[in-house]
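The values are calculated or read from the model by the stated rules, or taken from the named source; none is laboratory data. This structure is a prediction, so every number in the text was calculated from the model and none was measured. Virtual Cβ from ideal backbone geometry, glycine too; neighbours counted across all protein chains shown. Note: accessible area is taken over every heavy atom of the protein model, side chains too, but ligands, DNA and RNA are not part of it. Shrake-Rupley method; radii C 1.70, N 1.55, O 1.52, S 1.80 Å.
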Amino acid sequence: MIAQPNVRRLVGLLLIVAMVAVACSDGGPTEDTPSAAPVGTEGSDTNFLDEQIEATTQQADQQAKDTELAREKIKHIIFIVKENRTFDHMFGTFPGADGTRTGEMCNGKTVKLGPAGDQALDVPHSFNAGLRAINGGRMDCFDLMSPEDPMRPYLQLKQSDIPNYWAYAKNYTLLDRFFSSVYGPTGPEQLWTVSGQTGGFVEQERKGQYGTGEPREFCDDKKERAYAFKDDMTDAEVDHAFALEEVPNIPALVKYWEARWPCADIPTVPGQLEAAGISWKYYRGDNDWVDPLRQISTSRFSSVWKNRVLESQFLKDVEGGKLPEVSWLTPSFVESDHPPMSICAGENWTVRQVNAIMESKYWDDTAIVIAWDDYGGFYDHVTPPHVDLYGYGLRVPALLISPWANVGVDSRTLDFSSVLRFIQRMHDLPPLTTRNARASDMVDLFDFSGPPRKPLILKERDCPPAPEPDFDTAG
């Protein structure tokens, strides 16, 4: 047990090395290309180098061909972001996926994951809560999230609870190693879905930090505050904070935080699209906690802002033939899947959006990515690689729905950075961050060898009434 944190860190480092190798293949040989043969191959230096260059060139050529074919087939990308579930919570019993029916507790006890039902209770899921739950890679302290009800995180949905989500998983691609980008909560995760970073933020406003107006006005209220890693951390301090996350030693870690105005000065993929003249929109549902473009100054105070529209406009644009090339789509809080909201109501909302695409002229050239933004406090058994100060966070469900999507479970390591890299690759845009640059671009999740598959039109279900949302405990 003592060695587990080191193993987790090693996995993260190995993952970075693998990602760098893939990234280097984009542009052919680099300064890191080996210049000498391995020990025991005297006289073969030139041959070894030639082989490496040839292999790298072939990889780059194949990637270029794959990208060209993907651009020919896919003209529209839709990124749907829902909330607060883990993979084991939703798909832990899905055939062929890396799931579990049991969970580990901080006292060493193994428990069976209980029935979640339609309206599971909310569980604390802050940045620090995520670190505690992961517990240095042991994945065994979720019971600390809810001391008054330690079993609350150990719940699981059955296929009958989410039959339409399961239907998408069976007929398209279910991603069982898709991690949230940050340890939590929703605000920083949602920032990552448009920018590939959080601007340093690790939390969102809580009571006492709401400023002079309504809560969470972000860039529109300079008196608001949220916690973030300090801007002036030295390399040694970053390394120390990284090590503290492995323990995890929360009291020592927060010494590297500061409360500052939650208006990040960072670039975004919407900004890239806007500058390149590529059509896009951010369709935002009525949700106090989800408003990333309002949290970023380069979006709030620029031409990007005009493309932040109501979520209801999405169906109108689909039906009216005005769907942009790239769309972000988030639901209202009530339909977001965020506990204790009805998962049935949230699933119905998703079905309406996907059905609309499938019944439109856009189906044959569209890729829909559906991902849940953070773990919501629920149990998951897969240890996230520790690649930087922000994560990865816990594993979340994700689906790729397209007439060209591979059918089955895919286990490559992905996060929100990968969706952004896919958008960038399809439109020849550069990465914005290191994690974004290293991420898989998802192009090899498609099969363009045959004709596009027919749509799968699903029926909405009758749902129990949803409870009133409590915006002070959400996020």
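For the reader, a short list of remarks on this structure follows.
- Residues in the stretch 260-293 that are crowded, with 16+ Cβ neighbours inside 10 Å and small (G, A, S): A264, G271, G285.
- Qualifying positions in the stretch 208-244 - within 11 Å of Y256 (Cβ to Cβ) and aromatic (F, W, Y): Y227, F229, F242
- Conditions (1) within 23 Å of the chain's Cα centre (by Cα); (2) open to solvent by 50 Å² or more (accessible area, probe 1.4 Å); (3) without any contact (Cβ under 8 Å) to a residue 60 or more places away in the chain: number failed by C141: (2)
- One residue alone among R216, R225 is basic (K, R) and open to solvent by less than 50 Å² (accessible area, probe 1.4 Å), and that residue is R216.
- Complete set of residues in the stretch 404-424 that are closer than 15 Å to T366 by Cα and surrounded by fewer than 21 Cβ atoms within 10 Å (Cβ to Cβ): N406
- Checked against the criterion of being at pLDDT below 95 and among the small types (G, A, S), the stretch 228-237 contains not a single residue that satisfies it.
- Residue match in the stretch 359-381 (condition: within 26 Å of D462 (Cα to Cα) and open to solvent by 10 Å² or more (accessible area, probe 1.4 Å)): yes
- The residues of the stretch 337-358 that are over 21 Å from the mean Cα position of the chain (by Cα), more than 20 Å from N171 (Cα to Cα) and open to solvent by less than 10 Å² (accessible area, probe 1.4 Å) amount to a single one, S342.
- Spans of strands (runs of 3 or more DSSP E) in the stretch 365-437 with at least 2 residues of a type in the set (V, I, T) and in contact with a Lys or Arg (Cβ under 8 Å, 6 or more places away or on another chain): 366-372
- Scanning the stretch 201-258 for residues that are in contact (Cβ under 8 Å) with a residue 40 or more places away in the chain and part of a loop (DSSP other than H, G, I, E, B) yields V202, E203, Q204, E205, K207, Q209, P215, R216, E217, K222, V247, P248.
- Unmet criterion (only one of (1) out of contact with any His (no Cβ under 8 Å at 6 or more places or on another chain); (2) assigned to a loop (DSSP other than H, G, I, E, B); (3) open to solvent by less than 10 Å² (accessible area, probe 1.4 Å)) for L191: (2)
- Matching option when the condition is touching an Asp or Glu at 6+ places or on another chain (Cβ under 7 Å), farther than 18 Å from Q190 by Cβ, modelled with pLDDT of 95 or more and of a type outside the set (G, A, S), among V382, V318, V387: V382
- For the stretch 294-327, the candidate set comprises residues that are among the acidic types (D, E) and over 22 Å from the mean Cα position of the chain (by Cα); within that set, the residue that is most open to solvent (accessible area, probe 1.4 Å) is E319.
- Residue-level analysis places S160 among those that are polar (S, T, N, Q) and either over 23 Å from Y256 (Cα atoms) or open to solvent by 10 Å² or more (accessible area, probe 1.4 Å) (or both).
- Extreme residue, nearest to T102 (Cα to Cα), among residues of the stretch 152-170 that are in contact with a Lys or Arg (Cβ under 8 Å, 6 or more places away or on another chain) and assigned to a helix (DSSP H, G or I): P163
- Meets criteria (within 30 Å of G408 (Cβ to Cβ), touching a Cys at 6+ places or on another chain (Cβ under 9 Å) and either free of Cβ contacts under 8 Å to residues at least 40 places away in the same chain or not in a helix (DSSP H, G or I) (or both)) for D118: yes
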